[in-house]
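Participant: Sharing a structure with you now.
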Amino acid sequence: EPEVTQTPSHQVTQMGQEVILRCVPISNHLYFYWYRQILGQKVEFLVSFYNNEISEKSEIFDDQFSVERPDGSNFTLKIRSTKLEDSAMYFCASRGGGGLGTDTQYFGPGTRLTVL
Amino acid sequence: AQSVTQLGSHVSVSEGALVLLRCNYSSSVPPYLFWYVQYPNQGLQLLLKYTSAATLVKGINGFEAEFKKSETSFHLTKPSAHMSDAAEYFCAVSGSNFGNEKLTFGTGTRLTIIP
């Protein structure tokens, strides 16, 4: 069964450093998402991406964040200058193009980001 | 805008007993509702979804949920709990806007199964 994959599974970085989280969505999917889950809290939407541009972003997704689909298969989330409060589990998700809310978002296993 | 409220951050049931996890939603458009499960150190796995077809939805692992518009609820049930059901369960809602169907999650319910 096709699945969303994410690398690395765990990333440790120093405050102020740049990190890139990588995702490989399911191959025929058209919509891509990033969510995050701070330890002990609920899963929060960050950004959605379709047709090589951002469809929607949350207030969390400020200028320090960016997304890219560089080669038609990978989908990346970049944090330019990490802060302590960026420590969280980051989930990538993808969805097919079946129309109004009829398709499911499939989630990857997540990348745990720890900012020291 | 959409939101979800999950009543009970922790629920404990005995093995073999009924599981009931509560979810109430708020949505300005007809909602699409989902239950996801997260096992320890794993990602989110879809249990079941409501997408305006049958109001009683059956999912994986013996779980089901009933959409009740009058009560704005989408509670998750399983007749007989199994030890392997111990996990965190998230209810989520999305609107029917084309293209930007983000999920809005509840705060989650941690289910513990007592042997």
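The values are calculated or read from the model by the stated rules, or taken from the named source; none is laboratory data. These figures come from a predicted structure and were not determined experimentally. Neighbour counts run over all protein chains shown; Cβ positions are idealised from the backbone, glycine included. The area values use the complete protein model at the heavy-atom level, side chains included, leaving out ligands, DNA and RNA. Shrake-Rupley method; radii C 1.70, N 1.55, O 1.52, S 1.80 Å.
Participant: Looking at A:TYR31 and the list (1) open to solvent by 20 Å² or more (accessible area, probe 1.4 Å); (2) within 14 Å of chain B (Cβ to nearest Cβ), which single condition is not satisfied?
Facilitator: Only one criterion in (1) open to solvent by 20 Å² or more (accessible area, probe 1.4 Å); (2) within 14 Å of chain B (Cβ to nearest Cβ) is unmet by A:TYR31, namely (1).
Participant: Exactly one of these conditions fails for A:ASP86: (1) more than 14 Å from the chain's Cα centre (by Cα); (2) more than 11 Å from every other protein chain (Cβ to nearest Cβ); (3) among the charged types (D, E, K, R). Give me its number.
Facilitator: Result: A:ASP86 fails condition (1) only.
Participant: Another question about this same structure. Answer yes if at least one residue in the stretch A:42-59 is small (Gly, Ala, Ser), without any contact (Cβ under 8 Å) to a residue 60 or more places away in the chain and in a strand (DSSP E or B), and no otherwise.
Facilitator: Going through the stretch A:42-59, the residues small (Gly, Ala, Ser) turn out to be A:48, A:55, A:58.
From the residues that got through so far, the ones that are without any contact (Cβ under 8 Å) to a residue 60 or more places away in the chain too are A:48, A:55, A:58.
From what's left, in a strand (DSSP E or B): A:48, A:55.
Yes - at least one qualifying residue is present in the stretch A:42-59.
Participant: I've got another one for you. Those residues that are of a type outside the set (Gly, Ala, Ser) and surrounded by 12 or more Cβ atoms within 10 Å (Cβ to Cβ), I need them from the stretch B:69-85; list them, please. Give the derivation first.
Facilitator: Quick first cut of the stretch B:69-85, residues of a type outside the set (Gly, Ala, Ser) only: B:69, B:71-72, B:74-79, B:82-83, B:85.
Matches in the stretch B:69-85: B:THR72, B:PHE74, B:HIS75, B:LEU76, B:THR77, B:LYS78, B:HIS82, B:ASP85.
Participant: Working only within the stretch A:39-64, note down all residues that are facing chain B (nearest Cβ under 10 Å), open to solvent by 30 Å² or more (accessible area, probe 1.4 Å) and under 18 Å from B:ALA1 (Cα atoms).
Facilitator: Answer for the stretch A:39-64, where residues must be facing chain B (nearest Cβ under 10 Å), open to solvent by 30 Å² or more (accessible area, probe 1.4 Å) and under 18 Å from B:ALA1 (Cα atoms): A:LYS42, A:GLU44, A:SER55, A:GLU56, A:LYS57.
Participant: For the stretch A:75-97, enumerate the residues that are open to solvent by less than 40 Å² (accessible area, probe 1.4 Å) and in a loop (DSSP other than H, G, I, E, B). Full working, then the answer.
Facilitator: We begin by selecting, within the stretch A:75-97, every residue open to solvent by less than 40 Å² (accessible area, probe 1.4 Å); these are A:75-77, A:79, A:82, A:86-96.
Answer for the stretch A:75-97, where residues must be open to solvent by less than 40 Å² (accessible area, probe 1.4 Å) and in a loop (DSSP other than H, G, I, E, B): A:THR82, A:SER87, A:GLY96.
Participant: If we keep just the residues of the stretch B:60-99 that are free of Cβ contacts under 8 Å to residues at least 24 places away in the same chain and in contact with a Phe, Trp or Tyr (Cβ under 8 Å, 6 or more places away or on another chain), which is nearest to the other protein chains (Cβ to nearest Cβ)?
Facilitator: Among them, the one singled out is B:GLY99.
Participant: Taking the options A:THR114, A:THR76, name whichever one is more than 14 Å from chain B (Cβ to nearest Cβ), at pLDDT 90 or above and under 11 Å from the mean Cα position of the chain (by Cα). Can you show your working first?
Facilitator: On the way: A:THR114 fails: under 11 Å from the mean Cα position of the chain (by Cα).
Criteria check complete, one pass: A:THR76.
Participant: Same structure, new question: For the structure I just gave you, tell me whether A:GLU85 is among the acidic types (Asp, Glu) and under 21 Å from B:VAL37 (Cβ atoms).
Facilitator: Details: among the acidic types (Asp, Glu): yes; under 21 Å from B:VAL37 (Cβ atoms): no.
So A:GLU85 fails the test.
Participant: A further question on this structure: Can you pull out the residues in the stretch B:100-115 that are crowded, with 20+ Cβ neighbours inside 10 Å and within 14 Å of chain A (Cβ to nearest Cβ)?
Facilitator: Quick first cut of the stretch B:100-115, residues crowded, with 20+ Cβ neighbours inside 10 Å only: B:101-106, B:108-109, B:111.
Once the filter is applied, which keeps residues that are crowded, with 20+ Cβ neighbours inside 10 Å and within 14 Å of chain A (Cβ to nearest Cβ), the stretch B:100-115 yields B:GLU101, B:LYS102, B:LEU103, B:THR104, B:PHE105, B:GLY106, B:GLY108, B:THR109.
Participant: Same structure, new question: Which residues, taken from the stretch A:1-10, are in a strand (DSSP E or B) and open to solvent by less than 50 Å² (accessible area, probe 1.4 Å)?
Facilitator: Our first condition is that a residue be in a strand (DSSP E or B); within the stretch A:1-10, this holds for A:5-7, A:10.
The answer is A:GLN6, and nothing else.
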